[in-house]
1. Kindly provide the set of residues from region 81-91 that are over 10 Å from the mean Cα position of the chain (by Cα) and buried (at least 19 other Cβ atoms within 10 Å of the Cβ), ordered by number.
2. Can you confirm whether region 56-70 contains a residue that is within 16 Å of the ligand (Cβ to nearest atom), under 11 Å from the mean Cα position of the chain (by Cα) and either modelled with pLDDT of 95 or more or not in a strand (DSSP E or B) (or both)?
3. Within region 29-77, track down each residue that is of a type in the set (Val, Ile, Thr) and in contact with a strand residue (DSSP E or B) (Cβ under 8 Å, 6 or more places away or on another chain).
4. Just one of the numbered conditions (1) in contact (Cβ under 8 Å) with a residue 40 or more places away in the chain; (2) outside any loop (DSSP other than H, G, I, E, B); (3) within 8 Å of the ligand (Cβ to nearest atom) is not true of Ile126; which one?
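The values are calculated or read from the model by the stated rules, or taken from the named source; none is laboratory data. For clarity, every value in this text was computed on a predicted model and none was experimentally measured. Because the Cβ atoms are built from the backbone with ideal geometry, glycine has one as well, and the counts that use them run over all protein chains shown.
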Amino acid sequence: MSLPLPIGPRTGYDTPPGLPGIVVSGICRLPRIHILNGPNLNLLGTREPAIYGAATLADIEASLSRRATDAEVELIFRQSNHEGDLITWIQEAGCAGEPVILNAGAYTHTSIALADAIKGSGARVIEVHLSNTHAREDFRRHSFISPVAEGVILGFGPQSYHLALEALTSGVANKKA
Ligand code: DQA
């Protein structure tokens, strides 16, 4: 699927700072933010609840959607257990100039290809994790995403996603504003 290119800020609306609206066929569309989740995050709710909590991915997405309405942004939710899907979605977002909140799951610690997709497409990425990966096994301490991310938020459970959304919609994360 090819996405339209951003062609400038909306006028007559209060767009969140640094998030351009997009005009498609003469109609202003809300700025879009992609919430991408990687492998095993579809199991949230039943997966190691002592570490990841009781909320399902659908619960997290529903609470983010409520916040997005207030912030006047459109959220695109996607989850995949396949690295290539995440790469394609990052490229689409990057080429469309739309920011990404990314929990790459275990690919965080292994995937040079995801890091290359971020760099290669120029995607703005906030890396998030539910758990504090630095307080867990050693292999979780290294992230291939962090060096190419605009910021990293981890250890706050579902609130990690909300803090990332807040960073993007408040302009805190927008270095180019
Ligand atoms: C995670 C942390 C990763 O180390 C792990 O592989 C996950 C979830 C988190 O959100 O805490 O799948 O990204």
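1. Taking region 81-91 and keeping what is over 10 Å from the mean Cα position of the chain (by Cα), we get 81-89, 91.
Listed by number, the residues that qualify are Leu86, Ile87, Trp89.
2. No - not one qualifying residue is present in region 56-70.
3. Ile33, Ile35, Val73, Ile76
4. With (1) in contact (Cβ under 8 Å) with a residue 40 or more places away in the chain; (2) outside any loop (DSSP other than H, G, I, E, B); (3) within 8 Å of the ligand (Cβ to nearest atom) applied to Ile126, the lone miss is (3).
Let's see how each residue does on (1) away from the ligand (no atom under 12 Å from the Cβ); (2) in contact (Cβ under 8 Å) with a residue 12 or more places away in the chain; (3) assigned to a helix (DSSP H, G or I); (4) among the charged types (D, E, K, R):
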| position | (1), (2), (3), (4) |
| --- | --- |
| Arg78 | yes, yes, no, yes |
| Trp89 | yes, yes, yes, no |
| Gly94 | yes, yes, yes, no |
| Glu98 | yes, yes, no, yes |
| Leu102 | no, yes, no, no |
| Tyr107 | no, yes, yes, no |
| Lys119 | yes, yes, yes, yes |
| His134 | no, yes, yes, no |
| Val152 | no, yes, no, no |
